[in-house]
1. Note down the nm distance, to one decimal, between modelled labels 7 Å out along Cα→Cβ at B:K287 and at B:E136.
2. Do you know the relative contact order of chain B, to the nearest whole percent, from alpha carbon pairs under 8 angstrom that are 6+ apart?
3. Arrange B:E16, B:E163 by Cβ neighbour counts within 10 Å, fewest through most, would you?
4. Based on the Cβ-Cβ distance of B:E37 and B:H9, what FRET efficiency does E = 1/(1 + (r/R0)^6) give at R0 = 41 Å, to the nearest 0.05?
5. Could you order peptides B:315-328, B:188-201, A:80-93 by the average number of other Cβ atoms within 10 Å of their residues, highest first?
6. Taking amide H positions as placed 1.01 Å from N in the peptide plane, with prolines and chain starts having none, which residues 5 or more places from B:G252, or on another chain, fall under 5 Å of its amide H?
7. Considering every residue in A:51-64, what mean count of other chain Cβ atoms within 10 Å of its Cβ is obtained?
8. Taking only Cα atoms, what is the 0 to 90° angle, nearest 10, from helix B:148-157's long axis to the longest principal axis of chain B?
Amino acid sequence: MKLKKERYQNRIELLQGTLDLLILQTLQWGPQHGYGINQSIRGRSGEVLQVETGSLYPALHRLERQGWVTSQWKQTESNQRAKFYRLTPAGKKQLLSEQARWAQIVDAIAGIMNPARQEGRP
Amino acid sequence: MSFRDRLLHRRQREDELDEEVQAHFRMAAQERMEQGETAEQARVSVAREFGNVTLVKEVTRDMWAFRWLETMLQDLRYGTRMLRKNPVFTAVALLTLALGIGANTAIFSLVNSVLLRPLAYREAQQLYLVREIIPELSQTYPTLPANLPNFLVWQRDCHSFEEVAIVEPFNMTLTGYGEAEQISGGRASANLFDVLGVMPELGRTFLPEEDTPGNDHVVMLADSFWRDRFHGDRTIVGRSITLDGQPVQVVGILPASFRFPKGAQLGALTEFPPRTDFFKPLGLDPKHFDQLGQFDFVAIARLKPGTTARQALAELDVIQARIAKDANESVGLRAAIIPLES
């Protein structure tokens, strides 16, 4: 039990940053509940990225604690009661900085993967 | 937020998390059913997909723990701010705490020194009261206090004693320092504090030569008396005060922990008053004392290490018998040895 829990937490650590970015990015289109966020990430990534619930919910609660998202109980389109998360102004700022950081990482990794292109630059 | 509110709040969050997870299950199952799965198939698939529900909840709840701590820090910051804003309240609260703690400490110190450590003397188990026995008088007085000439013989001849001292209750009148006052204390052989193993808080104890008549115009003051009457003035040491119309030099102050046995604690016929404000040396001429009279003194002996009370008594009884024989009196003389701490 203990070991399993640690494994979950490790996974969060690995995904942290990236998962935050994905969640914040998803929420910029409007409020969404946990399941909706999960489905959205899966759909937009062409079924490649699947967020574990054991990572998703802790991340959502942490983001709420950090003040980047707020939550509210609302009815879904199919008339289900669900907890909807919404981006706060602070969350929007955070999203921008995470996007910038992501672009940096992508650039850096691309530079490593494709040295020719890097050398070709002035 | 009070502790109770916080518990309620946490309880509410637990319920919300349950509901959030259930909502996820329902939505996922519904979507699967819309895609053609049976209710049962959907339920199984969603459960497999979701993973360990208890674990997910547990890891999620861990995220709140930080919150818990943060709220506490916030409370603490708020508390500090309020204390700073209300200096009077803060001062009263601090004073209350200080007095409470102080009173407890004071009471403990008192209990410790008065009750738990009745006699704060060095190696008090080695200290014995020496009493004299005149068998012819033992019907009326089983034991008697010591007398001066016999004490001098013990001091000279008894090898079981490391040292022996005598002291008797003594009153004097203090004048020239505010209102005249009769003060009670003790007149002691110069070595009393050596025998008891008490070091002065200030100044010194008595010198051997101060036991002799004319050299005895020195005094040691009890801590409480020094504080009450002389306001704890440290410069009093070395100065003279007037006792019984004579200038007497204050040579030392006894430590606050010093207690002298009161009442009949030192045996019948030697009643020390409740307060012993001072001690002065004997300053007595043994020539003025009868060999078998004036049994007025408390004698306190410190036994040599390794010597038992029984051995000391055996030796002392031999000395006593010799004294009685030399005095050529028709009475016998023996001794008794009683632990001081009994």
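Taken together, the values in this text are just the output of simple stated rules run on the coordinates, not laboratory data. This one's a predicted model, so the numbers in the text were calculated from it and none came from an experiment. Glycine also receives a Cβ, built like all others from the backbone with ideal geometry; neighbour counts cover every protein chain displayed.
1. A separation of 2.8 nm, rounded to one decimal place.
2. 23
3. Listed from fewest to most nearby Cβ atoms, that is B:E16, B:E163.
4. Using R0 = 41 Å, I get an efficiency of 0.60.
5. Highest-to-lowest ranking by the protection proxy: B:188-201, A:80-93, B:315-328.
6. Under 5 Å from the amide H of B:G252 lie the amide H atoms of B:R204, B:V219, B:L221, each far enough along the sequence or on another chain.
7. Taking the mean over all residues of the peptide, I get 6.
8. 80
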